[in-house]
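Enquirer: Pasting in a structure now, in structure tokens, and then I'll have a few things to ask.
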Amino acid sequence: MEIIFALITISLCVAVLFLLAFVWAVRSNQYDDTYTPAVRMLFDDPQEEKPAP
Amino acid sequence: MNTTAAPTRTATACAHCGDDCPDEPIRLSAKPGLSFCCQGCKAVYELLDANNLCQYYAFGEERPGQKIKPVELPGRFDYLDADSVQAQLLSFRSPELARLTLHLPQMHCASCIYLLEHLYQLDAGVTEARVNFLRKEISLGYRPAETSLKAVVTLLASLGYEPQITLAELGAQPHRGSRRLYYQLGLAGFCFGNVMLLAFPDYLSFTDELAHEFGRFFGYLSLLLALPVLLYAAQGFYRSAWAGLRQRYINLDFPISLGLTSLFAVSSYEVLTQHGPGYFDSFTGLVFFMLIGQWVQQRTYDALRFDRDFTSYFPVAVTLLTADGEKSVSVKELRVGQRIRVRNQEVIPADAMLMRGSGQIDYSFVTGESVPVAKVAGEVVYAGGRQVGEAVELEVVREVSQGYLTQLWNNPAFHKAEKQTLETYANKVGRYFVAATLLIAAGAILYWYPRDEQMMWRAFTSVLVIACPCALSLATPFALGSALTVFGRHRFFLKNAAVAETLGRATTIVFDKTGTLTDVRRSAVEYCGPVLTEREQQAVAAVVAQSTHPLSLRLLQELPASTLSVTDFVEVPGQGLRGVVGGVLVKVGSAAFVGADADLVTAETSAAPAQGLNLGQSIEQSAGEPETNATAADTTDNLQSRVYLSLAGDLHGCYFFRNVYRQELGPVLADLGRRYRLAVLSGDNDSEQDRLRELFGPEAELRFRQTPQQKLDYVAALKARGETVVMVGDGLNDAGALQQADAGIALTDTLTNFSPACDAILDAGSFGRLGSFLRFTQDCLQVVLATFVLSFVYNGLGLGLAVQGRFTPIVSAILMPISSLSVMVFATLLVRYAAYRRQL
């Protein structure tokens, strides 16, 4: 059962990685504006008239 | 008396802004299918078309453009070239790159985001443009070598997105919302989840062996995980409790801090002495849930600002006239005796004497009155007005901070710190809670001491642990947080949840008159004089169609459409219009301009000296004045301006523009009058007294000729009598009273426009619901109380177990999340139900 010590330590490390990912997300302004990015992704690059479907 | 009927018109919508086009729309030669209302809109369309940005018209709203107002004047943005201004505006600056954030209140749809983020296609010097739509901000980067700040701002203004660059915004960095709460939430959630997993073996009987084998390891690990929660995530509660204590005041955070501390201490003791697994899962869970409560409560309206003072409205720089010519200087550097030039659409920054030019001062931000006031050379013009029309020269008579209006901000009401000792229900209950907890804990000691010493400690610590009023602290945030959402849906925006509670306890409601009770957008036009023929009406319409003065625009709506051509058109700012239509000279304007005969004019001239004595009065009473014997008795009100008309040199008649009370006013006041004391503070004279008396009922207090300072004092006096005062106002002249009141509600027609510092912003369209809103806040308080009862049940249950010494970690682990979650759900659902019943 000693393996439990190792497993729990590893799983905690993985969890800490997720926590760090969350911190990174907050730091990189992802929680500052929760509206604009959703609209921004709809913008197409300038292009010619689309052919009719 | 003849009221001209509004003609029906069929107009095509402008392809850019969606406004009605004139009868002969402006067309684009390349695309004859599109029509435009003005040259400005057409120019923007052409610019976008040339740069392949016509996708702008494909998103969101059908015609997203901003109506281009003809305010472009050379020199308008010259101050942006000044080094001192740039130093304050730019957040980063090097020869290769400059960065800044601008506030664009006109932003309103997806198309705006598209256009603004493609700014680099219009100006190659722009390197990046990122929009934050909720804040209505744009972060710009540009290469100073290729373009200038002035060029970028001018480009934005020409597209219809003129940035709001004001004194207050100077030097303001792109403000980030507090991220601390996100970090705290993330950390607490992480620790809670992991501690709960580690505590799992304790919950189940068949894992006894496991618990035995790894109990110590799991315990230490839990302690390790709980430590950052105590030190970082729970910081806010300790700070708040400490701040309360320093003011000799016990708020709800005090028992919370007490509970959290004892929870942590007891658990650490148990783990370190290997007595048991501790309550670390409960501890981290409590903090996590309470942080969620804070997060829910902290719903903010990013685009709205509740803390604006006059500096958010005053310009950054002003054109100073010196011996060497014009110079842009900061408003703060203005000194008495200096000469300044104020152009069309610019704000007058300091009280000043008009030296040259004719002033048309729009005081709508100050008083709510939308019709500009005419001023001639020699008169004193008060700060805060916006000049409409030609550029004028002024001599400063008082420094900015000493102005008639700005002096208000020296009042202590504006300097008091955020009300820390707010007497909310939660804090009041919290205090009793502490007392009750300590009593019960002492009782437990007394009971167990002669019987079982070990049990005594157990019971004592258990009581302190269960006493953490977690559920209690969640009741208010969740109830009022969902109330804020309901209000937001009806365009009533509260600064924070505490405002909802204050509104629910209001006893007196004080109203401003002009702009608050009256509807500035809906003035009634009445014509007095010999009936005009259709042809004459058309002639007048043709003349007023040439002008952009608000009264002209309003008059035009009343008159039949006209295709007559006007020759020799002259607009004398502040006076009137003159033009020849079909050989007949048509003059529209003030009595003196038109040449109205003596008996009609007497009242006019006799009223004139009274103006200027009192700012509130002189501003609120616009051009036209009291009674003329020619008019019927029922027009004895000052909510009117008048425009005289002469045809072929003879005075023909007179148009009255009367501000009317808001349509919903009657029902709203009837509703409120039954439940609250009402009062009106008007800067105007008392000619409206009878009508207001009728609307407000016999008990209401009506005060007239109130200066901004008097309004503030009146509210302060009410508060001193123990009333909870809600002030409803709209202009800068109400700012003092709004600040002084327990809850100040600013009424606004355009949400993104300036509104003075206040606790809540109400869209004028929702004014009719004011009664329901206030009833709803009372419902919410009852919901909070009901939720308190529910959480007391849980606390009582826990306490019952605790004094018997049967409060084990597993009981805690079950009771804690159940109580928290049920309180959250209960509060939210009840508020939703109350909103449904109030039809909100």
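The values are calculated or read from the model by the stated rules, or taken from the named source; none is laboratory data. The shown structure was predicted, so the numbers you read here are calculated from the model rather than taken from an experiment. Note that we place each Cβ from the backbone using ideal geometry, even for glycine, and neighbour counts take in every protein chain shown. Just so you know, the surface numbers come from the protein's heavy atoms only, side chains and all, with ligands and any DNA or RNA stripped out. Shrake-Rupley method; radii C 1.70, N 1.55, O 1.52, S 1.80 Å.
Enquirer: Among the listed pairs B:Lys513/B:Lys711; B:Lys150/B:Lys332; B:Lys332/B:Lys513; B:Lys332/B:Lys495; B:Lys42/B:Lys136; B:Lys375/B:Lys711, give every one whose C-alpha distance is greater than 23 Å.
Expert: Violating the 23 Å limit, Cα to Cα: B:Lys332/B:Lys513; B:Lys332/B:Lys495; B:Lys42/B:Lys136; B:Lys375/B:Lys711.
Enquirer: Return the FRET efficiency for the residue pair B:Tyr836, A:Arg27: r is the Cβ-Cβ distance, R0 is 30 Å, and the value is rounded to the nearest 0.05.
Expert: The value I calculate is 0.15.
Enquirer: Segment B:737-795: Rg/Rh from Cα coordinates, Kirkwood Rh?
Expert: Using only Cα positions, Rg/Rh for segment B:737-795 is 1.17.
Enquirer: Also: So, R0 is 25 Å and r is the distance between the beta-carbons of B:Val789 and B:Tyr249; what FRET efficiency does that work out to, to 0.05?
Expert: 0.55
Enquirer: Could you work out what % of the accessible surface of chain B is carbon and sulfur, using a 1.4 angstrom probe and leaving DNA, RNA and ligands out of the count?
Expert: Answer for chain B is 55 percent, counting heavy atoms of protein chains only.
Enquirer: Another question about this same structure. With a cap of 10 neighbouring Cβ atoms within 10 Å, and only residues DSSP puts in a loop, list the trypsin sites (Lys or Arg not before Pro) found in segment B:648-722.
Expert: Within segment B:648-722, the qualifying trypsin sites (Lys or Arg not before Pro) (loop, at most 10 other Cβ atoms within 10 Å) are B:Arg721.
Enquirer: Based on the inverse mean of 1/r over its pairs of different Cα atoms, what is the Kirkwood hydrodynamic radius of segment B:690-786, in Å?
Expert: Radius from the Kirkwood sum: 14.8 Å.
Enquirer: Per the Debye formula with a single identical scatterer at each Cα and no solvent contribution, what log10 I(q)/I(0) holds for segment B:78-158 at q = 0.13, 0.23 Å⁻¹?
Expert: Log-scaled intensity ratios, in q order: -0.36, -1.14.
Enquirer: Compute for chains A and B the buried accessible surface, both sides summed, probe 1.4 Å, and express it in Å² to the nearest 100.
Expert: 2600 Å²
Enquirer: Over the Cα atoms, compute the radius of gyration (one decimal) and Dmax (the largest Cα-Cα distance, rounded to a whole number) for chain B, in Å.
Expert: Spelled out, the Cα radius of gyration and Dmax of chain B are 32.6, 113 Å.
Enquirer: Next up: What does the accessible area per residue of the protein assembly as shown come to in Å², with a 1.4 Å probe and no ligands, DNA or RNA counted?
Expert: Computed with neighbouring chains in place, this is 43 Å² per residue.
Enquirer: Mind checking A:6-14 for the average number of partner chain beta-carbons within 10 Å of each residue's beta-carbon?
Expert: Per residue, the number of nearby Cβ atoms from other chains is 2 on average.
Enquirer: Once the piece of chain linking B:Glu453 and B:Gln782 is laid out straight, how much longer is it, given 0.36 nm per residue of separation minus the C-alpha distance between them?
Expert: 114.1 nm
Enquirer: If DNA, RNA and ligands are ignored and the probe is 1.4 Å, what is the ranking of B:Asp253, B:Asp281 by accessible area, most exposed first?
Expert: Largest accessible area first, the list is B:Asp253, B:Asp281.
Enquirer: Helix-only mean residue ellipticity at 222 nm, the protein assembly as shown, DSSP H runs n ≥ 4 weighted -39,500 (n - 2.57), per residue, nearest 500. What is it?
Expert: -13500 deg cm²/dmol
Enquirer: If I model a spin label at B:Asp763 and B:Lys31 as a point 7 Å from the Cα along the Cα→Cβ vector, what separation in nanometres do I get?
Expert: So the label points at B:Asp763 and B:Lys31 sit 2.9 nm apart.
Enquirer: Sticking with this one: Just to check I understand the Karplus step: with θ = phi - 60° and J = 6.51 cos²θ - 1.76 cosθ + 1.60, what whole-Hz values come out for segment B:491-505, glycine and proline as x?
Expert: 6, 10, 10, 9, 5, 7, 5, 4, 4, 4, 5, 4, 4, x, 9
Enquirer: Any chance you could get the radius of gyration and Dmax over the Cα atoms of the protein assembly as shown, in Å?
Expert: In order Rg, Dmax, the Cα atoms of the protein assembly as shown give 33.0, 113 Å.
Enquirer: Please list B:Thr516, B:Thr502, B:Thr322 in order of solvent-accessible area, largest first, computed with a 1.4 Å probe with all protein chains present.
Expert: Result of the area sort, largest leading: B:Thr322, B:Thr502, B:Thr516.
Enquirer: Another question, then. Viscosity 0.692 mPa s, temperature 37 °C: give me the Stokes-Einstein translational D for segment B:307-379 in µm²/s, with Rh taken as the Kirkwood radius over C-alpha pairs.
Expert: D, rounded to a whole number, is 244 µm²/s.
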